[in-house]
Amino acid sequence: KTPRGTTKAAARAAGADAIAITHPDRVVFPDDGITKQDVVAYYRAVMPWMLPDIADRPTSTIRCPGGIGAPCFFQKHVMAGLDHVGTAKLKEETGAAAVYLYPRDEAGLIELVQFGAVEFHPWGSHVDAPDIADRVVFDLDPGEDVAWPRVVAAARKVRSLLDELGLVSFVRTTGGKGLHVVVPLNPGADWDTVKTFARGFAEAMAGLHPLEFVATAGKRFRRGKIYVDYLRNGRGATAVASYSLRSRPGAPVAVPLRWEELGRIGSGDAFDLRSVPRRLARLKKDPWEGIDKVRQDLAAVNAKLGA
Ligand code: ATP
Ligand code: MN
Ligand code: MN
């Protein structure tokens, strides 16, 4: 298997063996008997599939040094002791500068796991061009009383309007309650263009299907509907990485799917640390194959949307 860009051999050559794992038997997911060693083995197993989507993107991690039963925290800035992770001084949207971390290779990702990282959340841009977004993420957040088949139908409606606008999209489970629909951009677009598009698109969805979608943040607007969270798109905003574990009981995973298989998936947390490596062993090709070859541009699209 040679998923996008990397081969298993190439990922290995980056040398995760160089990372000493301390406390391998420490329990990370207490309800599931999953240890730090299991988490390391999981990330090594998915590495060739995961790395192309996260490498060289500024990345926040959720670290759970005492396992998910103890406090976890979102960490976006670099910390002392990391030798295999890239660092980049970047301005935040507020104007303040901070040193961000970014995984470059297998060793860097595993080193972050050694430091307690369970979840990975990359930006929608790369470190060498942080102002240029190369993907838009529509984060579909169902209200509490929305059954899963409606979430699936909603994602398909999102795909279909994107398609009408000439945009190819890809879908993944989040390991949580919803789905992400990802639109690759090439050439990329500046964040203002992306935000205008994302907001215009979310409002168009809510306008076309007012009983299904809402484009306004705030839990009370979400009742019985699906919030199209377009705010995941901005400099410094993140979305969970494909193949990232989630720090919740059951060790669920965010999993890229082919659109054709979406109907066979029962929930946003249908996949977990144990089932994902089995799925990958069976797959003939990357579910998101071709995402890095799609050429599509937002310039003309905003005009069509009237945004
Ligand atoms: P679900 O399907 O359950 O909604 P999700 O990963 O989409 O799972 P959201 O709460 O919708 O969860 O958040 C979407 C994305 O926004 C996350 O994947 C994460 O990258 C980012 N995010 C969420 N909460 C925060 C936070 N407190 N600080 C920074 N980024 C966040
Ligand atoms: Mn979400
Ligand atoms: Mn959200």
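Scanning region 214-250 for residues that are within 13 Å of ligand 1 (Cβ to nearest atom), of a type outside the set (Ser, Thr, Tyr), within 19 Å of Ala198 (Cβ to Cβ) and not in a loop (DSSP other than H, G, I, E, B) returns Arg222, Ile226, Val228, Asp229, Leu231, Arg232.
Consider region 168-223 and keep the residues that are among the aromatic types (Phe, Trp, Tyr) and touching a helix residue (DSSP H, G or I) at 6+ places or on another chain (Cβ under 7 Å). The one that is farthest from Gly263 (Cα to Cα) is Phe197. Take the conditions away from ligand 2 (no atom under 16 Å from the Cβ), buried (at least 17 other Cβ atoms within 10 Å of the Cβ), at pLDDT 95 or above and not in a helix (DSSP H, G or I) and apply them to Pro287. Does it pass? Criteria met by Pro287.
Condition first: away from ligand 2 (no atom under 11 Å from the Cβ) and of a type in the set (S, T, N, Q). Now tell me which residues in region 159-186 satisfy that. Once the filter is applied, which keeps residues that are away from ligand 2 (no atom under 11 Å from the Cβ) and of a type in the set (S, T, N, Q), region 159-186 yields Ser160, Ser169, Asn186.
Scanning region 182-212 for residues that are surrounded by fewer than 20 Cβ atoms within 10 Å (Cβ to Cβ) and among the basic types (Lys, Arg) gives a single hit, Arg199. In region 154-174, the residue that is surrounded by the most Cβ atoms within 10 Å (Cβ to Cβ) out of those that are among the hydroxyl-bearing types (Ser, Thr, Tyr) and within 16 Å of ligand 3 (Cβ to nearest atom) is Thr173. Scanning region 11-56 for residues that are assigned to a loop (DSSP other than H, G, I, E, B), modelled with pLDDT of 95 or more and farther than 14 Å from Phe115 by Cα returns Asp25, Gly33, Ala55, Asp56.
The values are calculated or read from the model by the stated rules, or taken from the named source; none is laboratory data. Since the structure is predicted, the reported quantities are computational estimates derived from the model, not experimental observations. All Cβ positions, even for glycine, are placed from backbone atoms using ideal geometry, and neighbour counts span all protein chains on display.
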